[in-house]
Every structure is written in structure tokens, then in C-alpha cells.
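The values are calculated or read from the model by the stated rules, or taken from the named source; none is laboratory data. These numbers come from a predicted model, not from an experiment. Neighbour counts run over all protein chains shown; Cβ positions are idealised from the backbone, glycine included.
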Amino acid sequence: MTPLSWAGLGFSLGTLWGISAQPSRWLVWGLLGVSLLVALFWKEGKKGGVLVFFLLPALFIGALSGRHRQSAASRMAPFLGKPVRLTGRLEPGSLRVRNQSVSFTLLYEGMRIPVLHLGALPGPLWGSYTAEGRLEPMETFYNPGMADEKKRSAARKIPGRLMTQKGGLHYEGGEKDSLDRIAALGSAVRKRLSEALPPREAALLGGMLLGGSEGMDAPSLQIFTACGLSHLLSVSGSHVALLASLYVLVAGHLPLPRPVKPLVGIFFLICYAILCGLRASVCRAVLLGSGVLLGELLGRRASGPSFLGFSAILLLGIHPFWIWDIGFALSFAAAAGLMLLRDRVERGLTPYLGQRLGAALSVPLAAHIFSLPLLVHYFHAVSLLSLPANLLLVPLLSLSLVLAVCAVFGGLILPFLGRILFVMAGSLVSLSLDLGRLLSESRPFLVTTGTLGFGALFCYGLLLSLLLGNFPQGSCLDRCRQKAALASAFCLAVLFLYPRFQKVPFTAYFLDVGQGDCCLLVMPDRKTVLIDTGGLNGHYDIGERVVVPALRALGVTQIDTMIISHGHHDHAGGAAGIARWLPVKRLLLPQEKNSDDIEKLIYTMKKTNHKIVYKMQKTIHIRFKSHIINIVDAPKMAEKGGNANESSAVVLVACGKSKVLLTGDATSEIELAAAAAPIRSDVLKVSHHGSSTSSEMAFLKAVSPKVAVISVGRNNRFGHPHETVLERLEYLGIPVARTDEGGAIKVVFDETGPKWYSYRCQRNCF
């Protein structure tokens, strides 16, 4: 590593320290002064000079830089929850049109404010707009495995979201600027793709070319995620390297002076970064690509590690909160892996795989080695298909990307040639998706890691250093390298496998899924029962995007029993998405006719060869080694009238002496009928999100829970939970835990009874 790369590492760590911990200003200034004094009196040639001269000063300067910056949310905090009137420019390329509304991003004083307007856009796709409405904070689902919305919004410069009604949006005028023209070019490219190719191939090729997954269907996204190819939809180093290589080939035939050619290339790379939305990963890649072209101009070879460090200092100096951006971290990790490890990995693979295969495999392997800790930290799962899929599919997709670029520019001269190249690119994309589908259907290749602590990270870093580090020949470290590496690998394996065999207390997780229900029960032998799956209206798959990440973070590898209380979307909408990613061994369904969500679930389970499906019936007891599932009541809709809530099952799950009663959306009549059986329970999931149509006093007395959990969405339009229900619970002295206030609720059973924790307030307990 070069001195500048050490400085970039120090500045990055300092920025993270500054914005996360907000250390005392005088402490940081004092440490910076001490480090400069030490550097002043440091003897030339003495070991540790890089640490003293570059790493430590950059660390403290980065801390000062991060500490003094305010996030967008902090700047707008006094206005959150209040009516505001904001005037700014419409962000180019951000407009999305829905049935009765439009959404876009308003650029206001260096911040990006998402606006949802009920109505049509009252002006063109450029210029200034005034939006009037209430500025609401950016909300998320507070579950294990979910990204911190505060950090995510800070990285994206988003202080909140604004919803306007008809008449609340006004066009103020303005002319097209250069950013608008570049965005129009991107829209034109996507339009040409949609005209020349089928929707699936057009959306995928557009995402690869310009970034993002707009318009992509769920199966295609699943293939890319399962095969570890999501990086192709986030424009980064590979895209810029490909475009820079194409430009170098073309530039040789351009009638331009030699010093001008690299400058033109840098200009095109900057325009491409603007076209892709100036994301952190794109900016990093463009800076490195510009460094290569600048080295060509000066007749010198650019130092990759130096430019990587310079990019970190420059980007974090401009926007320190990018340190919280997942794309930023993964992009720098992959680039560092390629620069520092590729040659060593290639030398290690060549004797066994040959020169060509070793060289090809060294690229994704080197990037994967450095990125692995971040992938585990953010996604709690590792795809074993990543390396073979990258080796097989990346060349095909890269060729399709080259053809698409040639089609865009060649079509300007010969439209017929452009259409032919688009068709060829689409055929390669279709072939890649088919091959990816065959690979992704092998579910055992997706390994759930759960949440690993600092110990596992330390062992991994130590193992990596021992295997790839350069130590003086004959030194103590060199002699003990092999034994130390084996010890590190053993400790890493123990830290990874031990939690899977460790007994845990009976635990209930009531996940935050908004206005819906989702409860996970984990038994001492780690058998799992999932009751309901949540669901939101629209195209947002809450099962795939919320529940599955939470389950992975909790170390769940399969669902032993899934129970759907009834077919309403807020209880069954996420079921199919969960079944696509996790095996479901047993499914219990209500007596009612299968809803659309349940039909999707059954179809998904048939595709994954899991077909054990039961219709619940009253008084059925399903006994397992560690727990008992008791169907207290499972009425038929026809017997009660036509409302699906009136067919909601009431389920009692017992593990030893501990019991959890789950009522779905059961009405008062169903609850009172169920109260005829012994239903005393430690924990009660309050029916129908705390609606006034349930939770009568007689039923609550029959259950006598020690904790009542209400799964309900924040600021829901139904007014749940109802005041009368809360008053009854308070009168009986029953503690209430709510997902709208505390996020996910964890209830742990021990000898003294249930103890509950909320994710928003006690995150470390999950």
C-alpha cells in the first residue's frame, strides 16, 4: 500500500468515528496536535513512518471533517411533522408516474426531498417547482437485518418526505440545464431499449447500462441476488473500466491531438457519472478511471492504491455520510481486493487451474475476499454460487453491455444496425437469465450466516493477513504462519457453527411489518414456527424485502412450520416471497377458500418441491419434540358470513410450560368461542391490530396474559389500536408492547416468565 492509500484508509476510519461517535472537538484537536509533534521528531528511516506521517493525521482530520457536518435530517429537524413550502429544482430523471399520482425528487439547498403528488405534474420535466405539504420523517421497518434508515437517508441527503395534494404543486419556470439534457439522454436510451427488446431484457439491460432495477420483475432480481450478480445493477468499476476500454479503442481513430484524447475521455466519464445519478460507487469508479486516463496523458502509469486513497479522501471530504452507504463500502472493498490480492490469488490458482482459468477466476475471487465481511454484515447470507456465476455469466453480460453501447452510438448513424445490435444484446441477456435461473434453483448454495460478532471479523482478518501477507523470511511470523492460519480458521469455524448447535430459550419475535402480522417462534432446538407473513399493497414484497432479511439476521435457515391465520393480504401477502428464499417444510392453512396470496404461496412451494399442506381444523394438536401446536379454533367463512376475518384461526403454541396465543384477525365471537377451551397463555397477540371488534373483557380474563403484543402500523388510517382495547388491557394490568412504537418485539421465556424487548430501544438484545 502506498502512503496515499494509508491516508485514505485513515481518513475513512476517522470520518466514521466523527459522524458516528461525535467525539469531543478538543480531544480530536489534541490528538491531531500530538500526532503532528510525533511526526516532527520522528527519525528518518525508523519503522512505522507510514503510520505516523499518514494514517494517524488523516484519521484525526477525517474525524474533524465528519464531526462538523450536519445530516440533511438534522438540518430540517425543526420542520419535521409540520406544513412546509419548499421551492427547488426537479432532479433530472427522478420522475415516476403512477395511476393517480407522480413522485419525484426535489433538490432543495443541497438536499434531496422525495415528493409524492396526488395528481399530474403541472409542468415540464425540468425547472423549478414549489411543493406545499407536510414534511414527514423517513420511516422504515425496525427489524433485525434492516438497514438503519437514519444512516441510509443521511448518505442519500434525504431529510424526509413530502406529500402534496392537488393544487399543492406549482411550476415556477426555468430552462433546461446541462443536467436535464444528460438525464433526457438516459430516458432516450431506456426508451430505445423498451422499443427494441421485450420488457424483461430491456429493464435488465437498462439497469446494467445506467444503474438501478427500475422495471425489473421479481424473478430476474431473485436470479441476480442468488447468483451474487447484484453488483452489475449498481454501476461501478467494471462498467467504467469497460466504457474506458471502449473509448481507448475508439480514440485511436479520432483526429484529435494526443494530449486532448484523455481529457475527452475524462469528460465522457464525468457525463456518464451524472447520467447514472452521481452515486458513491459511480463517483469512485469515475475517479479511478480518470486517473488511468490522466496517467495516459502524462505518460505515467497511474497507481491504483494511491488513486483509491485519493478517491476516499475527496469523496468523504465532500460528503462524509457516504461512509454509511452500502454501495460506497462494497465498491471500495472490491476495488481494494482487486488491487492488493489479484496477482497473489492468480499465482496461487495457476498451478492447479492453469493460466487462463486462474487469471479469470482471480478477479471475482479477489474482490469477493475483501467484500465478504461486508456482505455478511449487511445481508447475513453468502452465495456459494457467486464465484461460478460470475465466471460464467459476467462475460456474457459484459458482452451484451458492449453491444448495447455500440447500439446506442451506432444507431445514431445507422438505425438498422442499432436495432440488430440491440437484438443481439437482448439474446445474450435472455441466455444469461436462463443460465442464472438454473443455478439459482439450487437453494443449498445460499448460506445464511446470521449476525456474526467482532470475534469472527477479527479471525477472518487475521487469517487473511497470514495467508496473503509478506513476512521477512526466517522471522517468527514466517515460521509460525501455517499453524497460526490453521488456528484462525478453526476459531472462525467455531464462531460460525457454534450458534447453530447451541440451545436457546423459547423465544417469540413479533416482526415490524407495518399494518399486518408476522410472528416467529424459535424453539430451544432451533425449530421454527412462522405465523402470518405481513403484506403491503402495491408492488412492495414485504416477505422478500423485510421478513427474509430479518430471518437471516436471526440465523433462520428454514421455516419448519408456516401458519396462515386467514387469507387477508396483511397476513398472507409476504408468504410467497418468503417461500422463494427459505424452505418451508410444513404449511397450515385456514378453512376458507384460498386467496390469491395463498395460491401464490402454494405455487411457489410446489416449485421448490415442498408440498406438505394442511387445512386447519378445530381442536387439532400437532406434537413435535420441543413444542405443541394447538389449533384452538379454525372456523369456516360460510358458517359466519362472508368476511375473511370471521374465518381467522386461533392458534396456541406451547413449549414446555410457556405458551403464546395468536389470534390473527379473529372477531369477538370467535375469541369468546375459543375461550371455552383452556387458553390461558403467557403472551397474547392482540387480535386485528387492536381493533374494537375484538379483545372483549371476558376473553382477556380467560387468557390472562403477562404480556400483550399489538402488531400495528405507524399512523395507520384505521385508528388502530382502539382506545377501548388499550383501556381494557390497562384495567387488567397487562403490559402492552406495540410494533408501531417499539419496532420488532422480542419475548424471551425463562424460569421467571416472559421478558420482552423492543428493537428501537434495545437493539443490542436482539
Select, from 209, 263, 179, the only residue that is modelled with pLDDT of 80 or more and assigned to a helix (DSSP H, G or I).
-> 263
From the list 372, 361, which one is under 16 Å from residue 225 (Cα atoms) and surrounded by 17 or more Cβ atoms within 10 Å (Cβ to Cβ)?
-> 372
Residues being outside any helix (DSSP H, G or I) and either modelled with pLDDT of 75 or more or not aliphatic (A, V, I, L, M) (or both): count how many of those fall in segment 235-253.
-> 3
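Checking the conditions here, which among 686, 725 is crowded, with 24+ Cβ neighbours inside 10 Å, closer than 25 Å to residue 761 by Cα and in contact with a strand residue (DSSP E or B) (Cβ under 6 Å, 6 or more places away or on another chain)?
Just a single option satisfies the conditions, and that option is 686.
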Report yes if some residue within segment 630-638 is under 35 Å from the mean Cα position of the chain (by Cα), crowded, with 19+ Cβ neighbours inside 10 Å and either part of a loop (DSSP other than H, G, I, E, B) or assigned by TED's automatic domain parsing to the domain that holds residue 514 (or both); otherwise report no.
-> no
Here is a list of conditions, (1) in contact with a strand residue (DSSP E or B) (Cβ under 6 Å, 6 or more places away or on another chain); (2) β-branched (Val, Ile, Thr); (3) closer than 16 Å to residue 406 by Cα, and residue 189 meets all of them except one; can you say which number that is?
-> (1)
Of all residues in segment 57-96, which are under 17 Å from residue 169 (Cα atoms) and of a type in the set (Val, Ile, Thr)?
-> 84, 87
All but one of (1) surrounded by fewer than 17 Cβ atoms within 10 Å (Cβ to Cβ); (2) within 26 Å of the chain's Cα centre (by Cα); (3) modelled with pLDDT under 90 hold for residue 741; which doesn't?
-> (3)
Identify all residues within segment 28-77 that are among the small types (Gly, Ala, Ser), out of contact with any strand residue (DSSP E or B) (no Cβ under 7 Å at 6 or more places or on another chain), surrounded by 14 or more Cβ atoms within 10 Å (Cβ to Cβ) and assigned to a helix (DSSP H, G or I); write none if there are none.
-> 35, 39, 49, 58, 62, 63, 65, 66, 73, 77
Can you work out which of the residues in segment 78-96 that are loosely packed, with under 15 Cβ neighbours inside 10 Å and in contact with a strand residue (DSSP E or B) (Cβ under 8 Å, 6 or more places away or on another chain) is nearest to residue 132 (Cα to Cα)?
-> 85
Name the residue, out of 371, 362, that is farther than 30 Å from residue 196 by Cα, hydroxyl-bearing (Ser, Thr, Tyr) and touching a Gly at 6+ places or on another chain (Cβ under 7 Å).
-> 371
Which ones in segment 565-597 are touching a residue at least 60 places away in the same chain (Cβ under 8 Å) and assigned to a loop (DSSP other than H, G, I, E, B)?
-> 565, 566, 567, 568, 574, 583
Selection count where residues are surrounded by 14 or more Cβ atoms within 10 Å (Cβ to Cβ) and farther than 15 Å from residue 224 by Cα, scope segment 383-416 = 12
Might you check whether a residue that is of a type in the set (A, V, I, L, M), closer than 22 Å to residue 156 by Cα and under 25 Å from the mean Cα position of the chain (by Cα) occurs anywhere in segment 285-300?
-> yes
Report, by residue number, each residue of segment 73-98 that is among the polar types (S, T, N, Q) and within 27 Å of the chain's Cα centre (by Cα).
-> 74, 94
Go over the candidates 703, 712, 736, 747 one by one and state the one that is under 31 Å from the mean Cα position of the chain (by Cα), within 25 Å of residue 652 (Cβ to Cβ) and free of Cβ contacts under 8 Å to residues at least 60 places away in the same chain.
-> 736
Within segment 667-693, residues being under 16 Å from residue 617 (Cα atoms) and either touching a residue at least 40 places away in the same chain (Cβ under 8 Å) or touching a His at 6+ places or on another chain (Cβ under 7 Å) (or both) number 3
Residues of segment 598-626 being closer than 14 Å to residue 572 by Cβ and either touching a strand residue (DSSP E or B) at 6+ places or on another chain (Cβ under 8 Å) or in a loop (DSSP other than H, G, I, E, B) (or both), which ones?
-> 598, 601, 602, 605, 613, 616
Could you figure out which of (1) modelled with pLDDT of 75 or more; (2) in contact with a helix residue (DSSP H, G or I) (Cβ under 7 Å, 6 or more places away or on another chain); (3) in a helix (DSSP H, G or I) isn't true of residue 256?
-> (3)
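Kindly indicate whether any position in segment 143-155 is farther than 30 Å from residue 449 by Cβ, surrounded by 21 or more Cβ atoms within 10 Å (Cβ to Cβ) and in contact with a Lys or Arg (Cβ under 9 Å, 6 or more places away or on another chain).
Looking through segment 143-155, none of the residues is farther than 30 Å from residue 449 by Cβ, surrounded by 21 or more Cβ atoms within 10 Å (Cβ to Cβ) and in contact with a Lys or Arg (Cβ under 9 Å, 6 or more places away or on another chain).
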Leading residue by the ranking (nearest to residue 167 (Cα to Cα)) among those in segment 117-156 that are outside any loop (DSSP other than H, G, I, E, B) and under 23 Å from the mean Cα position of the chain (by Cα) = 136
